[in-house]
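Student: I am attaching a structure below and will ask some questions about it afterwards.
Each reported figure results from applying straightforward, stated rules to the coordinates on display, with no laboratory input. Because the structure is a prediction, the values reported are computed rather than measured. So basically every Cβ, Gly included, is an ideal-geometry build from the backbone, and we count neighbours across all protein chains shown.
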Amino acid sequence: MRSLRLGLSFALVVLTIATVMPEVYSVSLYHDNTWSIGAMLPLLQGFATNLTTPRGYFPAQIRHAYGFDKLGCSFTKPWGSPALCGSGQRIAIVDAFDDPVIEDDLAIFDSQFGIPSCTTANGCFAKATPEGQPNPSNSGNDANHDWAREMDVDVEWAHAIAPGARILLVESLDNSNSEMFGAVGYAAAQVGVHVVSMSWGGKETSSEILVDSQFQVAGVSFVASSGDSGHGVR
């Protein structure tokens with residue numbers, strides 16, 4: 001079974017707004033406490049440079065660029081406040097392999113930018129491994145190293161844009177079609193999930209119609225990577 005290629009994106013979809021904007025750069029925190037810059041067109045795409053201090057566009061600037069700061073909800077009230085943007089929503093994010101320090105990374109990102117805490121303890125964050133425990137992605141120079149960066153970008157920016165939403169990170173056992181689609185099906189079936197973010201993709205094939213039913217779930221929107229090479233058909 002062919003593997004799905006990694007493509008960076010984040011879940012703006014909880015607010016169901018799609019906008020085309022010029023290239024900008026956003027920061028995310030990686031597990032070794034360095035910062036990376038990712039390009040967004042408008043979804044985050046694969047280009048990154050590690051930094052010791054955050055540079056690039058910060059959450060408040062990205063919210064303003066997309067007009068989210070005009071919605072009237074809050075990005076700073078404590079977790080659990082109904083006034084928080086995204087309150088009452090649940091975002092499922094599907095990625096491959098395991099990032100064992102994702103919650104720690106998210107905590108530092110939130111502290112840096114004044115975003116309400118999102119933890120397992122307060123009910124904001126949850127991680128699921130429905131196909132079994134995957135191998136860690138950030139264990140050195142392994143071939144799956146970029147998936148940990150992917151999870152950092154996806155989780156941190158979903159929370160930055162919709163800090164009141166609960167986040168369910170679903171880790172697929174590996175990046176094969178069968179495992180990834182299995183994780184997508186699990187994510188879409190979870191209570192309260194109305195958005196499934198899939199920051200990965202692959203080239204179109206003649207047999208893809210066979211998996212169309214995977215994405216025909218009432219009340220659930222599926223959003224996939226926009227690719228790594230600008231606009232146009234993948």
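Student: Among residues belonging to the stretch 100-127 that are under 30 Å from residue 176 (Cβ atoms) and in contact with a His (Cβ under 7 Å, 6 or more places away or on another chain), point out the one that is surrounded by the fewest Cβ atoms within 10 Å (Cβ to Cβ).
Tutor: The qualifying residue surrounded by the fewest Cβ atoms within 10 Å (Cβ to Cβ) is 101.
Student: Could you tell me whether the stretch 88-97 includes any residue that is among the acidic types (Asp, Glu), buried (at least 18 other Cβ atoms within 10 Å of the Cβ) and closer than 22 Å to residue 223 by Cβ?
Tutor: Yes: the stretch 88-97 contains one or more residues that are among the acidic types (Asp, Glu), buried (at least 18 other Cβ atoms within 10 Å of the Cβ) and closer than 22 Å to residue 223 by Cβ.
Student: Residues of the stretch 54-96 being part of a strand (DSSP E or B) and more than 26 Å from residue 170 (Cα to Cα), which ones? Explain how you work it out, then say what you get.
Tutor: To start, the set of residues in the stretch 54-96 that are part of a strand (DSSP E or B) comprises 57, 74, 84, 90-96.
Scanning the stretch 54-96 gives 57, 74.
Student: Report the residue count in the stretch 112-124 for those that are among the hydrophobic types (A, V, I, L, M, F, W, C) and closer than 14 Å to residue 100 by Cβ.
Tutor: 0
Student: When you look at residue 134, is it assigned to a loop (DSSP other than H, G, I, E, B), of a type outside the set (D, E, K, R) and crowded, with 18+ Cβ neighbours inside 10 Å, yes or no? Before the answer, list the steps.
Tutor: Numbers: assigned to a loop (DSSP other than H, G, I, E, B): yes; of a type outside the set (D, E, K, R): yes; crowded, with 18+ Cβ neighbours inside 10 Å: yes.
It is true that residue 134 is assigned to a loop (DSSP other than H, G, I, E, B), of a type outside the set (D, E, K, R) and crowded, with 18+ Cβ neighbours inside 10 Å.
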